[in-house]
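Please treat every number below as a calculation from the coordinates, not as lab data. Model, not experiment: these values are computed from the prediction. In this analysis, Cβ positions are derived from the backbone assuming ideal geometry, glycine residues included, and neighbour counts consider all displayed protein chains.
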Amino acid sequence: MTRWLDDDEQRTWRAFMATSQLVHEELDRQLQRDSGMPHAYYAVLVKLSEAPDRTLRMSELATELNSSQSRLSHAVARLEERGWVRRRPCAADKRVSWAVLTDEGFAALASAAPGHTEAVRRSFFDRLTPEQVRQLAEICGAVLGKTGS
């Protein structure tokens, strides 16, 4: 039996979806305008910058980004063209390849980060109270921690 959303749940769900889309589009526009990269590429650079030796297995990077292998492979290919990422084969397992953030990629990330951070603040956090930020963190943790029902 389908558990339909009640009116409050439906309003909340639609507001959440509209908010997510609005913020994502604003951030993507800002990164494209100021740094010449889509948000998806920025996310790849961030994940690699936080990894030991700025290196992650491609499969692990895809998991970290909630991305398909093919979508990630396409993004990494574009980042390789820019000289920001390089792929390195694994010596122990030929089926595995690593994504490595280059110094040029790190510099591109460092250049993009201040404007991106300001855009995140302006489009999201500046509109919330500290209590709302805390509540949202709890909500996101509950949703992300839930592995199914």
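The alpha carbons of the chain stretch over 55, 40, 23 Å along the principal axes, in descending order. Distances longer than 21 Å among the Cα atoms of the stretch 77-149: what percent of all pairs is that? Everything past 21 Å amounts to 59 percent.
Per residue of the chain, the DSSP helices (runs of n ≥ 4 H) give a summed -39500 (n - 2.57) that works out to -22000 deg cm²/dmol at 222 nm. In a DSSP loop and with at most 12 other Cβ atoms within 10 Å, the trypsin sites (Lys or Arg not before Pro) in the stretch 56-137 are 94, 95. How many angstrom separate the Cα center of the stretch 58-119 from the Cα center of the stretch 1-48? Here the two parts' Cα centres lie 21 Å apart.
With charges only on Cβ, +1 for K and R and -1 for D and E, what is the dipole size of the stretch 24-126 about its Cα centre, in debye, rounded to 20? Using Cβ point charges on Lys, Arg, Asp and Glu, the stretch 24-126 gives about 380 debye.
When the Gaussian network model of the chain links Cα atoms closer than 10 Å, the mean-square fluctuations of 28, 126, 93 top out at 93.
Among 23, 85, a tally of other beta-carbon atoms within 10 Å of each Cβ gives an order, fewest to most, of 23, 85.
Please compute the net charge surrounding residue 39, taking Lys and Arg as +1 and Asp and Glu as -1 over other residues with Cβ under 11 Å from its Cβ. Please report the intermediate quantities before stating the final value.
Values: positive: 29; negative: 25, 26, 28.
Around residue 39, the surrounding residues sum to -2.
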